[in-house]
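Taken together, the values in this text are just the output of simple stated rules run on the coordinates, not laboratory data. The structure presented is a predicted model; accordingly, all values stated were derived computationally and were not measured. Methodologically, a virtual Cβ is constructed for each residue, glycine included, from the backbone with ideal geometry; neighbour enumeration extends over all protein chains shown.
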Amino acid sequence: MTSSVSHNASVSHNAPRAIVRFYERGEVCWQTVLNGPAILGRQRRSEPSPFAQVDDANGTRIIMANRRNPFVSREHLRIEPFPDHQWQITNVSDQCIVGVDPGGELTPRKKRRFDTAIRIQIHQVDLIIEPHADDDARNSHWISLGTPLKPGLDDDDSLLTQASNGQLPSHTHSLLETLGSSFNSDQQNALMQWLRVTANLFQHVGDNHRFLSAAVQSIPRMIGASAVWALDYQGRIVSLEGARSVSDDWTTIARHGEDTDTLNQDELRGISMAAQTKQSVLLRSDRDNSLMLITPVVDASDSVCGALAAKRSDSAIAMAPWHEIEANLLALIAGGIRF
């Protein structure tokens, strides 16, 4: 059964506009501003090729896939505003699952309401919906990228133990099986650089100050950051005389890059959010059009002891958006801190 988009009478006249950015193969490929409800889906025969926006008597449609694409429904996702700066997404497809971060996934006919930036995955396309700056008093928006692995004995330790005994578990895979046969030589070289930088970095494990000093030098080469901070929470990682305090609780252990002398209020709130939720957070700031990726440093007793933060300036904002792989990389580096 076909559904149409109409301007629901229950929606407030003061409902926020939203910027919707589409990413394909890691780059922004199209964006639009929504002033009301919209349906996302694949192209109909009479409609323009993706990406495009069509406004008619039934409302707004966003064409995000070619009509021959079997993985995207003609009506796949409905986006609609609600009062109090809230938005709602509904999976209107019959069979497809929509990936949502934060929150996991949206099965057919399920809804999710949100009041901050949200990332959605539909087949090979990522899109980020965020409130328009003109209609939102806030200057920044954050997206959860999940909970980092806790230090201590886990599956990886078990794997190392089994490997040392000559017993590899059945769920291990070759690199080709994991990455796919399309993994090319450029990607191979990039992976080798990651491995070399990580191996060199972990030579400093055991001396937290030296390790974190090396980490802030290494992280920009690995994920394309323009500035990096290693932060201590209430003196739990290292106690340094003359260290630079950035708030009552947070102190900079090491930093590298542009304009790292201070952290603004949005960035400090993002760091506090990562600490409170014990999750990696992606913060987008309208203040200077930047992205900041933050992961908390958590000890074996599940207490937050610090954070790693990497920032991209507006000049690099068009690069591939940071995802879980970069958050996991920061969490891996955080795992090298010893308590």
Notebook entry, point to check: For Asp248 and Asp84 in the same chain, what is the full-extension length gain: residue separation times 0.36 nm, less their Cα-Cα distance, in nm?
Noted result: 55.8 nm
Notebook entry, point to check: How far, in nm, would the chain grow between Phe71 and His123 when pulled straight, counting 0.36 nm per residue and subtracting the alpha carbon separation?
Noted result: 18.1 nm
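If Lys and Arg each add +1 and Asp and Glu each add -1, what is the summed charge of the other residues whose beta carbon sits under 12 Å from the beta carbon of Gly99? All intermediate terms of the calculation are to be shown ahead of the outcome.
Working: positive: Arg112, Arg119; negative: Asp101, Glu105, Asp126, Glu324.
Residues near Gly99 contribute -2 overall.
Just how many % of Cα pairs in the stretch 193-315 lie over 23 Å apart, if you round to the nearest whole percent? It would help to have the intermediate numbers written out before the result.
On the way: 1957 of 7503 pairs.
Percentage above 23 Å: 26.
Using DSSP to call loops (not H, G, I, E or B), can you name the chymotrypsin sites (Phe, Trp or Tyr not before Pro) in the stretch 21-89 whose Cβ has at most 14 other Cβ atoms within 10 angstrom? Display every interim value, and only then the final one.
Working: sites: Phe22, Tyr23, Trp30, Phe51, Phe71, Trp87; in loops: Phe51, Phe71.
Filter output for the stretch 21-89: Phe71.
Note down the net charge around Lys111, summing +1 for each Lys or Arg and -1 for each Asp or Glu among other residues with Cβ under 10 Å from its Cβ.
Working: positive: Arg78, Arg109, Lys110, Arg112, Arg113; negative: Glu80.
For residues surrounding Lys111, the net value is +4.
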Check: Taking the Cα-to-Cβ direction at Arg338 and at Val205 and moving 7 Å from each Cα, how far apart do the two end points lie in nm?
Finding: 1.0
Next item on the list: Just report the Cα centroid separation between the stretch 266-290 and the stretch 80-123, whole Å.
Entry: 22
Checklist line | Lys111, Lys278, Lys311 arranged by Cβ crowding within 10 Å, fewest neighbours leading | finding: Lys111, Lys278, Lys311
